[in-house]
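K.L.:
Submitted below is the structure of interest, expressed as structure tokens.
Read-outs throughout are calculated quantities, based only on the coordinates presented, and are distinct from any laboratory measurement. For clarity, every value in this text was computed on a predicted model and none was experimentally measured. So basically every Cβ, Gly included, is an ideal-geometry build from the backbone, and we count neighbours across all protein chains shown.
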Amino acid sequence: MISKQETLNASILIVDDQESNVQLLGEMLRDVGYACIASTNDPYKVCALHQKDHYDLIMLDLQMPGMDGFEVMEGLKEIEADGYLPVLVITAQPAHKLRALAAGAKDFISKPFDLVEVQTRIHNMLEVRLLYKKLEQHNQMLEQTVLERTAELRASEARFRRFTELSSDWYWEQDKTGHFTMIYGPVFEMLGIRVNDTLGDQGTLWNEAEREILEANLAARRPFLDFVYSRTNPDSSRQYLMVSGEPTFDSSGRFTGYRGVGKDVTETMHPYEESPANK
């Protein structure tokens, strides 16, 4: 809502080549408390004044020598990028009212002036104009908030990726069917896994007993931490991988897949293999 004080503090420009009309309208406005009133008798100055001061309301006489009100409105349209022309036309000719509205004016007052009509139309138009400006400001704030939140999310994602890189060799996500949908890190080079593969796509290289345990965890949708399993490479060497994962669910509680991290721990497992107790 627009308060009475906001309306009375709105900026108004009176444009009329007759100084007596300017003084009369100014007195009508000041009598009810409007405080920010400017005026000019020169229609050629209107666009420059509005470009500088961005008035909330321009009271514009239509019949002026040299440049009439319709020409002034054409110039104002180029300034108002948002398309809202805050013009209240002043005219003594009924035929000009419809033409003025079609040209972009928002309302009109008739000569000779009626005090109640002038005050009512000015108040109503200012209220709409100020509401329009508030909406525009709100939209700008909302757009800025969206930009800020987007930047925060991107920064958070970058931090998350960096943390994942430091704490593990790769990050992975699977859909509910077990296919990999996202992988960060050198897992392609280390395992030859492709996006849309599943663990089962890697054939007989993996230790079957360990694989069964891992797949049982996945099938039961249980989280698992630091699970180690191994495979035999084509050169007969042994490779050990440690993975952690957790199931994911949507807002309605439906299972959507898994996500987790993985790490090659072959180097740390070799001393364990070579220990006399394990020969």
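K.L.:
Write down the percent of antiparallel bridges among all DSSP beta bridges whose residues are both part of the chain, to the nearest 5. Present the calculation step by step, with values, prior to reporting the outcome.
P.N.:
On the way: 27 of 44 bridges.
Of the beta bridges lying entirely in the chain, close to 60 percent run antiparallel.
K.L.:
Can you flag which of Lys97/Lys133; Lys52/Lys133; Lys106/Lys134; Lys45/Lys77; Lys176/Lys263; Lys4/Lys133 are past 20 Å Cα-Cα? Show your work: numbers first, answer last.
P.N.:
Working: Lys97/Lys133 25 Å; Lys52/Lys133 17 Å; Lys106/Lys134 18 Å; Lys45/Lys77 15 Å; Lys176/Lys263 23 Å; Lys4/Lys133 16 Å.
In this structure, Lys97/Lys133; Lys176/Lys263 exceed 20 Å between Cα atoms.
K.L.:
Now for a different question. Starting from the Cα of Asp17, step 7 Å along the direction of its Cβ; do the same at Tyr184; then give the gap between the two resulting points in nm.
P.N.:
7.0 nm
K.L.:
Given the -39500 (n - 2.57) contribution per DSSP H run of 4+ residues, what per-residue ellipticity at 222 nm results for the chain, rounded to the nearest 500 deg cm²/dmol?
P.N.:
Working: 9 runs with 126 residues, N = 279.
That calculation yields -14500 deg cm²/dmol at 222 nm.
K.L.:
Turning to a different aspect of this structure: Full extension from Leu142 to Leu8: what is 0.36 nm times the residue separation minus their Cα-Cα distance, to one decimal in nm?
P.N.:
On the way: separation 134, 0.36 × 134 = 48.24 nm, distance 2.75 nm.
My answer for the length gained is 45.5 nm.
K.L.:
Also, I was wondering about something else. Provide the gained length on full extension for the span Leu101 to Asp114, in nm with one decimal, where the gain is 0.36 nm per separating residue minus the Cα-Cα distance. Don't jump to the answer; show the numbers that get you there.
P.N.:
Numbers: separation 13, 0.36 × 13 = 4.68 nm, distance 2.01 nm.
Between Leu101 and Asp114, full extension yields 2.7 nm more.
K.L.:
What label, among (1) 67, 44, 43; (2) 112, 34, 31; (3) 64, 43, 35, belongs to Cα extents along the principal axes in Å computed from the structure on display?
P.N.:
(2)
K.L.:
Classify region 1-131 as rounded, prolate or oblate, taking a ≥ b ≥ c as the square roots of the eigenvalues of its Cα gyration tensor: rounded when a/c is under 1.5, otherwise prolate if a/b is larger than b/c and oblate if not. If you can, show how the numbers build up before the last one.
P.N.:
Numbers: a/c = 1.36, a/b = 1.16, b/c = 1.18.
Rounded is the answer for region 1-131, as its axis ratio a/c remains below 1.5.
K.L.:
For a quick protection proxy, order the peptides 247-259, 53-65 by their average other-Cβ count within 10 Å, most packed first.
P.N.:
Details: 247-259: 12.7, 53-65: 19.9.
Taking the mean over residues of other Cβ atoms within 10 Å, the ranking is 53-65, 247-259.
K.L.:
Still on this structure, I have one more. Can you tell which of Thr40, Leu29, Ile2 lies farthest toward the positive end of the dipole of region 1-51, using +1 and -1 charges on the Cβ of basic and acidic side chains (Lys, Arg; Asp, Glu)?
P.N.:
Going by the charge dipole, the pick is Ile2.
K.L.:
So if we plug the beta-carbon distance of Arg149 and Ile213 into 1/(1 + (r/R0)^6) with R0 = 45 Å, what FRET efficiency do we get, rounded to 0.05? Don't skip to the end; give the middle numbers.
P.N.:
On the way: r = 42 Å, r/R0 = 0.93.
Approximately 0.60, to the nearest 0.05.
K.L.:
A further question on this structure: Provide the gained length on full extension for the span Met1 to Thr256, in nm with one decimal, where the gain is 0.36 nm per separating residue minus the Cα-Cα distance. Before the final figure, lay out each step's value.
P.N.:
Numbers: separation 255, 0.36 × 255 = 91.80 nm, distance 4.53 nm.
Going from the current span to full extension adds 87.3 nm.
K.L.:
Give the residue from Tyr55, Leu214, Gln144 lying farthest towards the positive end of the charge dipole for the chain; charges sit on Cβ (+1 for Lys and Arg, -1 for Asp and Glu) and the dipole is referred to the Cα centre.
P.N.:
So the residue we want is Leu214.
K.L.:
Then there is this: So how far, in whole Å, is the C-alpha centre of region 94-156 from the one of region 1-75?
P.N.:
16 Å
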